[in-house]
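Here's the structure we're looking at; comments come further down.
The values are calculated or read from the model by the stated rules, or taken from the named source; none is laboratory data. From a predicted model like this one, the values you see are computed outputs, not experimental measurements. Cβ: placed from backbone, ideal geometry, glycine included. Neighbour counts: every protein chain shown.
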Amino acid sequence: MPIGIAARRGSFMNTQRLVWGATVLLFAIVGAILGYYAGIAYPKLNINGVRGANLPYVPPILSIGLGIVAARLGSLLADRCLLPAVHRLDELSVADRILGVAGALLGLVFGVLITVSITNIPNVNGVLLIVIKFCILAVCATLGMAIIGGMRGEMLRVFPRLSAEPEVPIGMGAMPKFLDTNIIIDGRLSEICKTGFIEGPLYVPQFVLEEVQYVADSSDDLRRARGRRGLDVLNEMKELTVTRHIDGEPVAIALVHVLSDISPAVQKIKAVDSKLVALAREKDGAIITNDFNLNKVAELQGVRVLNLNELAQAMKPVVLPGEEMKVTIVKEGKEAGQGIGYLEDGTMIVVGDGADYVGETCSITISSVYQTVAGKMIFAELKDKTPIKPQQRGTGDDLFNESANEPSGNNQRGGQNRDDNNHRSGGGMRRKSRS
């Protein structure tokens with residue numbers, strides 16, 4: 001795991017522990033105080049003429065008991081509400097945090113101005129009045145955060161330094177690109193990004209990241225290995241940066257971003273692929289994938305698709321009819337006499353009359369090239385069509401260095417002449433008597 005990501009994760013875990021501990025401690029203190037005062041007030045109770053006993057150990061017992069119960073309630077509140085909220089805050093950018101705090105402060109100032117004017121309400125006691133003022137302050141703070149958050153784009157243009165990662169100007173041709181689950185698990189995109197051929201920004205939507213994590217937690221070994229490889233690829237890509245000139249100054253911008261700010265219209269869609277297409281349409285971006293079905297669906301909805309398989313197909317070397325090359329024939333073809341060979345990129349070549357040369361490297365001439373949906377189909381012919389067939393050998397050839405019967409009368413083998421008179425068909429050999 002990269003050091004930066006590990007440090008950030010450790011800091012986040014410390015923040016979670018701090019929030020959890022502070023919430024539990026606060027609730028425990030409040031519960032203990034309430035229990036103590038309840039114990040003091042117990043002797044003053046008068047229920048149907050029966051007063052509580054004035055026992056000295058009642059206040060501490062109630063204090064400890066309510067303190068434990070309140071601490072448990074604080075723990076549940078922290079686990080169910082506060083820690084998820086802190087997790088969401090950790091995913092926000094620095095600009096969003098600053099604007100949120102500024103909006104809350106402005107809302108509180110406006111709320112204080114309202115509550116100051118409320119001094120007395122008929123038939124309302126002091127405690128209820130305090131509760132009403134507190135609710136007014138909470139509502140004003142929330143409205144302030146919502147209003148300033150809705151003006152995020154305008155605020156960043158007025159105060160560009162608020163953004164820790166400056167936005168790339170539209171004129172620089174940086175169309176936002178969204179990654180799907182398959183392309184993350186594939187792993188090839190990381191190497192392509194390192195070469196600099198793909199411009200950022202690249203976005204990984206939160207729901208795509210959750211799907212990769214779900215695959216990494218699968219009980220199936222193969223799926224789990226693929227999911228973990230996808231997470232490793234994301235960690236590598238998050239370390240990549242691109243240099244942009246903002247206001248004449250070079251600024252290093254992260255290439256890959258995790259996108260958690262997703263509109264409710266996209267969130268309500270169930271299928272992950274449909275969410276991704278809707279998000280790309282909403283942000284006027286493109287999708288990087290190697291999924292054939294997602295490619296077709298996105299194109300039907302007018303979304304630009306960058307298919308990594310199409311890129312790999314386009315990067316294959318161009319072969320023209322009439323070109324000569326050498327290829328190793330590895331097996332026989334479906335048709336009689338055909339041999340099959342492969343280029344270095346895996347493209348199949350069908351060699352006519354190549355069945356007799358299986359296992360040998362031959363010079364061929366390209367006769368035709370066909371482009372199919374599955375890829376290229378190349379047909380070629382042997383440059384030298386003289387067949388090389390294994391010689392038939394008869395019984396005793398090793399002894400007398402003579403081969404089996406062939407149509408030709410004289411044939412040389414191993415630099416020695418064959419005597420046809422010494423050969424007899426049927427594989428048998430008989431030496432003639434010499435005078």
Single residue of 97, 88, 72 found to be at pLDDT 80 or above, assigned by TED's automatic domain parsing to the domain that holds residue 20 and surrounded by fewer than 16 Cβ atoms within 10 Å (Cβ to Cβ) = 72
query = Looking at region 181-191, which of the residues that are free of Cβ contacts under 8 Å to residues at least 60 places away in the same chain and surrounded by fewer than 17 Cβ atoms within 10 Å (Cβ to Cβ) is farthest from residue 231 (Cα to Cα)?
reply = 191
message = Among the residues in region 252-266, are any closer than 13 Å to residue 180 by Cα and part of a helix (DSSP H, G or I)?
response = no
ask   = Which residue out of 129, 113 is under 55 Å from the mean Cα position of the chain (by Cα), assigned to a helix (DSSP H, G or I) and at pLDDT 80 or above?
value = 113
ask   = Of the conditions (1) under 30 Å from residue 184 (Cβ atoms); (2) in a loop (DSSP other than H, G, I, E, B), residue 287 fails just one. Which one is it?
value = (2)
request  = State which residue pairs qualify: first residue among the basic types (Lys, Arg) and inside region 314-334, second residue in a loop (DSSP other than H, G, I, E, B) and surrounded by fewer than 13 Cβ atoms within 10 Å (Cβ to Cβ) in any location, beta carbons under 6 Å apart, and separation of 6 or more residues or different chains.
outcome  = 316/345
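Considering each of 231, 209, 222 in turn, give the residue that is more than 20 Å from residue 275 (Cα to Cα), surrounded by fewer than 20 Cβ atoms within 10 Å (Cβ to Cβ) and within 9 Å of the chain's Cα centre (by Cα).
One residue alone meets the criteria, 231.
Quick grid of which residues meet (1) outside the structural domain of residue 362 (by TED's automatic domain parsing); (2) more than 15 Å from residue 180 (Cβ to Cβ); (3) not charged (D, E, K, R):
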position	(1), (2), (3)
289	yes, no, yes
297	yes, no, yes
303	yes, no, yes
306	yes, no, yes
330	no, yes, yes
334	no, yes, no
338	no, yes, yes
344	no, yes, no
350	no, yes, yes
message = Name the residue that is nearest to residue 380 (Cα to Cα), counting only residues in region 323-337 that are of a type in the set (Val, Ile, Thr) and out of contact with any helix residue (DSSP H, G or I) (no Cβ under 7 Å at 6 or more places or on another chain).
response = 327
ask   = What number of residues within region 331-366 satisfy the criterion of being within 24 Å of residue 312 (Cα to Cα) and in a strand (DSSP E or B)?
value = 7
Among the residues listed as 369, 330, 318, the single one being at negative phi and surrounded by 15 or more Cβ atoms within 10 Å (Cβ to Cβ) = 369
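Kindly indicate whether residue 272 is in the same structural domain as residue 192 (by TED's automatic domain parsing), touching a Lys or Arg at 6+ places or on another chain (Cβ under 8 Å) and modelled with pLDDT of 85 or more. Please lay out each step first, then the result.
On the way: in the same structural domain as residue 192 (by TED's automatic domain parsing): yes; touching a Lys or Arg at 6+ places or on another chain (Cβ under 8 Å): no; modelled with pLDDT of 85 or more: yes.
So residue 272 fails the test.
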remark   = Inside region 151-198, the number of residues satisfying the requirement of being at pLDDT 80 or above and either touching a Phe, Trp or Tyr at 6+ places or on another chain (Cβ under 9 Å) or of a type in the set (Asp, Glu) (or both) is 7
key: Test: residue in region 306-322 that is part of a loop (DSSP other than H, G, I, E, B), within 30 Å of residue 188 (Cβ to Cβ) and touching a helix residue (DSSP H, G or I) at 6+ places or on another chain (Cβ under 9 Å)   = no
message = Take residue 78 and tell me if it is modelled with pLDDT of 80 or more and closer than 30 Å to residue 204 by Cβ.
response = no
